[in-house]
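What follows draws every value from the coordinates through simple rules; no lab data is involved. What you see is a predicted model; the values in this text were computed from it and never measured. For neighbour counting, all protein chains shown are included, and Cβ atoms are generated from backbone atoms with ideal geometry for every residue, glycine included.
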Amino acid sequence: MKKEEECIFCNIVAKKVDSAIVFENEEMMAFKDIRAKAPVHLLLVPKKHVVDLNAMTEADEGLLGRMMLQLSTIAKEHGIAESGYKVVNNIGNDGGQIIHHFHFHLLGGAPVQSVV
Ligand code: 5GP
Ligand code: ZN
């Protein structure tokens, strides 16, 4: 089986697996984290399968920039831009990455714990 077919986020993007989608365009999708760790806990993913930040290339500069800006738009739409929020990108084992499809966590709605 191809990697993408086994990937839960690819299956969410393909709508073969249900999720609570809050934003979608041609290149990215945002949906609610199934185990929310904050009142607002969303995941923003590129629609194409990219494992992690290490696998991004110069060709992805635009995509990454647009994803960062989309996070602030989504935060505004969810009413947490003013109160504040945290954006997290986990990479690899030590980074605590469990799903190996690049994603940003967007957490807010209450103070969010951090290691830094
Ligand atoms: P990571 O540790 O890889 O950065 O975080 C992966 C996140 O994906 C976790 O917060 C986890 O709760 C979430 N997650 C895992 N499987 C699913 C799923 O099937 N649907 C949704 N909506 N979120 C998921
Ligand atoms: Zn994937």
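Filter the range 39-71 down to residues that are in contact (Cβ under 8 Å) with a residue 60 or more places away in the chain and either more than 16 Å from ligand 2 (Cβ to nearest atom) or of a type in the set (Asp, Glu) (or both) and give me whichever is nearest to Val115 (Cα to Cα).
His41
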message: Tell me whether the range 19-40 contains one or more residues that are of a type in the set (S, T, N, Q) and assigned to a loop (DSSP other than H, G, I, E, B).
response: yes
- request: Evaluate the following for Ile74: is it surrounded by fewer than 16 Cβ atoms within 10 Å (Cβ to Cβ) and without any contact (Cβ under 8 Å) to a residue 60 or more places away in the chain?
  value: no
- request: Check Phe104 against each of (1) surrounded by 15 or more Cβ atoms within 10 Å (Cβ to Cβ); (2) free of Cβ contacts under 8 Å to residues at least 60 places away in the same chain and name the one condition it does not meet.
  value: (2)
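Has the range 55-75 got any residue that is part of a loop (DSSP other than H, G, I, E, B) and in contact with a helix residue (DSSP H, G or I) (Cβ under 6 Å, 6 or more places away or on another chain)?
No: the range 55-75 contains no residue that is part of a loop (DSSP other than H, G, I, E, B) and in contact with a helix residue (DSSP H, G or I) (Cβ under 6 Å, 6 or more places away or on another chain).
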message: Tell me whether the range 13-20 contains one or more residues that are buried (at least 17 other Cβ atoms within 10 Å of the Cβ) and either within 15 Å of Leu71 (Cβ to Cβ) or β-branched (Val, Ile, Thr) (or both).
response: yes
